[in-house]
Amino acid sequence: MTEKTIFKRIIDGEIPANVVFEDDQCLAFHDVNPQAPTHVLVIPKKEIASLEAVADEDIPLIGHLHRVLRDLARQLDLGDGYRVVVNCGASGGQTVDHLHFHLLGGRPLGWPPG
Ligand code: AMP
C-alpha cells in the first residue's frame, strides 16, 4: 500500500490544519508556508493525485471546487483580485501528490510566475 499524502492525513484528521471551509466534497485550509498575505489550499476529499489524474467523472467536483474558491475569495476580502494556481507534476512545481488549488491574494501578484 502506498503511503498517505500529507493532505490525506489532514482530511483524515491525523494532523492539524488551519481549516477555513469544509463540506462533503472538499477541505480548505491555510498554507503552512504562505506565499502571499492570503494563501489557502482547496483540496478534494477524493484522492486524486494531480490535474493529470482528473477523470471525466470528476468534472462536477472540479466545478464545485472553483465555486468554493470564488466564495472563499469573497469571504477573505480578495475583492481587488486574486490568483488560483494548480502546480502539476515535478516540473510544474507540484510537491504533494494530492490535487490542490492554491488561492493567493492580498498583494499585487506579478506575472509571469517563476
Ligand atoms: P505544491 O508545491 O503545489 O504541491 O503545493 C503544496 C503546498 O502545500 C505548499 O505550498 C506547502 O507549503 C503546502 N503544505 C505542505 N504541508 C502542509 C501542511 N501540513 N499544512 C498546510 N500546507 C502545507
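The values are calculated or read from the model by the stated rules, or taken from the named source; none is laboratory data. No experiment lies behind these values; they were computed from the predicted model shown. These accessible areas exclude ligands, DNA and RNA; they are computed on the full protein's heavy atoms, side chains included. Shrake-Rupley method; radii C 1.70, N 1.55, O 1.52, S 1.80 Å.
If you line up the long axis of helix 59-75 against the longest principal axis of the chain, both from Cα atoms, how many degrees apart are they, to the nearest 10?
Value to nearest ten degrees: 40.
Would you mind telling me the share, in percent, of accessible area of region 6-105 contributed by carbon and sulfur at probe 1.4 angstrom?
Within region 6-105, the accessible surface is 48 percent carbon and sulfur.
Run the numbers on the chain and let me know its relative contact order in percent, using alpha-carbon pairs under 8 Å that are six or more apart.
Computed value for the chain: 30 percent relative contact order.
Rg to Rh ratio, region 23-114, alpha-carbon atoms and Kirkwood radius?
Ratio value, two decimals: 0.95.
How much solvent-accessible surface does Cys88 expose, in Å² to the nearest 10, with a 1.4 Å probe and all protein chains in place?
Here the accessible area works out near 50 Å².
Not counting ligands, DNA or RNA, and with a 1.4 Å probe, what is Glu14's accessible surface area in Å² rounded to the nearest 10?
Glu14 exposes around 90 Å² with every protein chain in place.
Would you mind pulling out the separation of the Cα centroids of region 11-25 and region 46-75, in Å?
Comparing the Cα centres of region 11-25 and region 46-75, I get a distance of 16 Å.
Looking at the chain only, what percent of DSSP beta bridges run antiparallel? Nearest 5 please.
Of the beta bridges lying entirely in the chain, close to 100 percent run antiparallel.
Determine the per residue accessible area of the chain with all protein chains present and a 1.4 angstrom probe, expressed in square angstrom.
62
Taking amide H positions as placed in the peptide plane 1.01 Å from N, state which residues far from Ser50 in sequence (5 or more) or on other chains have amide H under 5 Å from it.
Residues meeting the amide H criterion: Leu99.
Which whole-Hz ³J(HN,Hα) couplings does region 95-110 yield from phi under the Karplus relation 6.51 cos²θ - 1.76 cosθ + 1.60, θ = phi - 60°, glycine and proline marked x?
For region 95-110, the Karplus curve yields 10, 10, 7, 9, 3, 8, 10, 7, 10, 10, x, x, 7, x, 10, x Hz.
Note down the accessible area of Thr5, probe 1.4 Å, to the nearest 10 Å².
The value for Thr5 is about 30 Å².
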